[in-house]
Amino acid sequence: MSGADVSGGLCGLGHATVRGTLVSQRRFIVGDPATCIQAVQQYRDEFGITHFIARMHAPGMDPRKVAPSMRLFAQRVMPAFVA
(Lines give C-alpha, C1' and ligand atoms only; values in the text may rest on other atoms or scores of the structure.)
Protein backbone atom coordinates (compact mmCIF):
# COMPACT_ATOMS: atom_id res chain seq x y z
CA MET A 1 0.00 0.00 0.00
CA SER A 2 2.96 2.34 0.31
CA GLY A 3 2.67 3.19 -3.38
CA ALA A 4 -1.09 3.72 -3.32
CA ASP A 5 -2.47 5.98 -6.02
CA VAL A 6 -4.23 8.83 -4.26
CA SER A 7 -5.24 10.69 -7.41
CA GLY A 8 -8.88 9.78 -6.79
CA GLY A 9 -8.77 11.50 -3.40
CA LEU A 10 -7.60 10.63 0.05
CA CYS A 11 -9.56 8.69 2.58
CA GLY A 12 -7.86 9.33 5.85
CA LEU A 13 -4.73 11.24 6.63
CA GLY A 14 -1.48 10.69 4.81
CA HIS A 15 1.57 12.64 3.77
CA ALA A 16 4.34 11.81 1.33
CA THR A 17 6.99 11.81 4.07
CA VAL A 18 5.13 9.25 6.17
CA ARG A 19 3.54 7.14 3.46
CA GLY A 20 6.40 4.66 3.25
CA THR A 21 6.51 3.91 6.97
CA LEU A 22 3.23 4.67 8.70
CA VAL A 23 1.01 3.38 5.89
CA SER A 24 3.07 0.20 5.64
CA GLN A 25 2.63 -0.19 9.41
CA ARG A 26 -1.14 0.16 8.86
CA ARG A 27 -1.36 3.27 10.99
CA PHE A 28 -2.92 5.27 8.15
CA ILE A 29 -5.43 4.34 5.50
CA VAL A 30 -4.65 6.26 2.33
CA GLY A 31 -5.99 5.73 -1.15
CA ASP A 32 -9.00 5.79 -3.39
CA PRO A 33 -12.38 4.66 -2.01
CA ALA A 34 -11.86 1.02 -3.06
CA THR A 35 -8.50 0.90 -1.26
CA CYS A 36 -10.04 2.42 1.85
CA ILE A 37 -12.96 -0.02 1.82
CA GLN A 38 -10.55 -2.93 1.54
CA ALA A 39 -8.42 -1.65 4.43
CA VAL A 40 -11.41 -1.09 6.73
CA GLN A 41 -12.75 -4.55 5.82
CA GLN A 42 -9.40 -6.04 6.81
CA TYR A 43 -9.67 -4.44 10.27
CA ARG A 44 -13.24 -5.69 10.57
CA ASP A 45 -12.31 -9.22 9.51
CA GLU A 46 -9.09 -9.45 11.56
CA PHE A 47 -10.23 -7.77 14.75
CA GLY A 48 -14.02 -7.87 14.62
CA ILE A 49 -14.30 -4.09 14.88
CA THR A 50 -17.80 -2.63 14.95
CA HIS A 51 -16.78 1.02 15.22
CA PHE A 52 -14.20 3.04 13.32
CA ILE A 53 -12.74 6.44 14.15
CA ALA A 54 -11.30 8.32 11.19
CA ARG A 55 -8.98 11.17 12.08
CA MET A 56 -8.71 13.21 8.92
CA HIS A 57 -7.67 16.55 10.36
CA ALA A 58 -4.34 17.29 11.99
CA PRO A 59 -3.52 20.37 14.06
CA GLY A 60 -2.70 23.34 11.89
CA MET A 61 -4.44 22.01 8.77
CA ASP A 62 -6.93 24.20 6.98
CA PRO A 63 -10.32 22.48 7.48
CA ARG A 64 -11.28 23.43 3.91
CA LYS A 65 -8.51 21.15 2.63
CA VAL A 66 -9.82 18.22 4.68
CA ALA A 67 -13.51 18.57 3.78
CA PRO A 68 -13.24 16.91 0.33
CA SER A 69 -11.65 13.79 1.86
CA MET A 70 -14.33 13.69 4.55
CA ARG A 71 -17.08 13.95 1.93
CA LEU A 72 -15.46 11.27 -0.21
CA PHE A 73 -15.20 8.93 2.79
CA ALA A 74 -18.84 9.58 3.75
CA GLN A 75 -20.20 9.16 0.23
CA ARG A 76 -18.09 6.28 -1.11
CA VAL A 77 -16.59 4.33 1.81
CA MET A 78 -19.11 4.44 4.66
CA PRO A 79 -22.01 3.04 2.56
CA ALA A 80 -20.03 -0.18 2.11
CA PHE A 81 -20.45 -0.85 5.84
CA VAL A 82 -24.14 -0.10 6.32
CA ALA A 83 -25.82 -3.12 7.85
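Return the pair list, or none, for Cβ contacts closer than 6 Å from residues in segment 45-72 that are part of a helix (DSSP H, G or I) to residues that are surrounded by 10 or more Cβ atoms within 10 Å (Cβ to Cβ), at least 6 apart or on different chains.
Val66/Met56; Val66/His57; Ser69/Leu10; Ser69/Met56; Met70/Met56; Leu72/Gly9
Would you point out the residue of segment 1-55, among those that are at positive phi and under 8 Å from the mean Cα position of the chain (by Cα), that is modelled with the lowest pLDDT?
Among them, the one singled out is Gly12.
From the list Met70, Met56, which residue is surrounded by 10 or more Cβ atoms within 10 Å (Cβ to Cβ), over 18 Å from Arg27 (Cβ atoms) and not charged (D, E, K, R)?
Met70
Could you run through segment 46-71 and say how many residues are in contact with a Gly (Cβ under 9 Å, 6 or more places away or on another chain) and of a type in the set (A, V, I, L, M, F, W, C)?
2
The values are calculated or read from the model by the stated rules, or taken from the named source; none is laboratory data. Source: prediction; values computed, not measured. All Cβ positions, glycine included, derive from the backbone under ideal geometry; neighbour counts span all protein chains shown.
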